[in-house]
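What follows is a single structure, written as structure tokens, with notes after it.
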């Protein structure tokens, strides 16, 4: 299968498309997210939080993973049987385009939604949603959702979510013609980057462990 990827610049994004490239022909448009979070002017608690995020990502995915897919210099000329987005901001809605969202929609849409699931003491919702692109963030029809077993701290668990998403999506691509899409209800919340502050980190407990794996979340909506 020819996959057009729209890929962020963080290690988790590159690692994910590297996994797809092991079984498919992947050509990516790189989306440069600019300076990584910990290099931006921020308070000490926020900086310490993102240092832990990057430490975990570097451990699981490598500090500068080599790209095993082709990066196009002319992204508008990329064609694929499917377009998969991971690590980009909102895009123009196009047919046959799907997004990997690290969060369980509709309860946790938007920014930093794995963090908010832990903050709300709901690590069982710290998973991913693979959905069609729509004109609103993370509100497109859902292909699949899953949450790995929550048996590690927040920073390790976030990386485990990407691991599980890569395995699941590789399996899903084998049966794309059989996909059943599920419309999202209007309930839920879209979290903004401006919602995040020092206050929330002071009340954040990263070591929540619940041996629970959720895969049939769509039925709950």
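The values are calculated or read from the model by the stated rules, or taken from the named source; none is laboratory data. As the structure is a prediction and not an experimental result, all values here were calculated from the model. All Cβ positions, even for glycine, are placed from backbone atoms using ideal geometry, and neighbour counts span all protein chains on display.
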Can you tell me which residue in the stretch 103-113 is nearest to residue 162 (Cα to Cα), limited to those that are surrounded by fewer than 22 Cβ atoms within 10 Å (Cβ to Cβ) and touching a helix residue (DSSP H, G or I) at 6+ places or on another chain (Cβ under 9 Å)?
112
Flag for residue 64 being under 20 Å from the mean Cα position of the chain (by Cα), at pLDDT below 80, exposed (fewer than 13 other Cβ atoms within 10 Å of the Cβ) and part of a loop (DSSP other than H, G, I, E, B)
yes
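Does residue 146 satisfy being at pLDDT below 95, under 26 Å from residue 1 (Cβ atoms), in contact with a helix residue (DSSP H, G or I) (Cβ under 9 Å, 6 or more places away or on another chain) and surrounded by fewer than 21 Cβ atoms within 10 Å (Cβ to Cβ)?
It is true that residue 146 is at pLDDT below 95, under 26 Å from residue 1 (Cβ atoms), in contact with a helix residue (DSSP H, G or I) (Cβ under 9 Å, 6 or more places away or on another chain) and surrounded by fewer than 21 Cβ atoms within 10 Å (Cβ to Cβ).
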Against the definition (over 29 Å from residue 82 (Cβ atoms), surrounded by fewer than 20 Cβ atoms within 10 Å (Cβ to Cβ) and modelled with pLDDT under 95), how does residue 182 come out, yes or no?
no
Please go through the stretch 114-143 and pick out each residue that is in contact (Cβ under 8 Å) with a residue 60 or more places away in the chain and either crowded, with 20+ Cβ neighbours inside 10 Å or at negative phi (or both).
115, 116, 118, 119, 123, 124, 125, 127, 142
In the stretch 199-221, which residue that is modelled with pLDDT under 85 and assigned to a helix (DSSP H, G or I) is surrounded by the most Cβ atoms within 10 Å (Cβ to Cβ)?
217
State all residues of the stretch 29-39 that are touching a helix residue (DSSP H, G or I) at 6+ places or on another chain (Cβ under 6 Å) and either part of a strand (DSSP E or B) or at pLDDT 95 or above (or both); if no residue qualifies, say none.
29
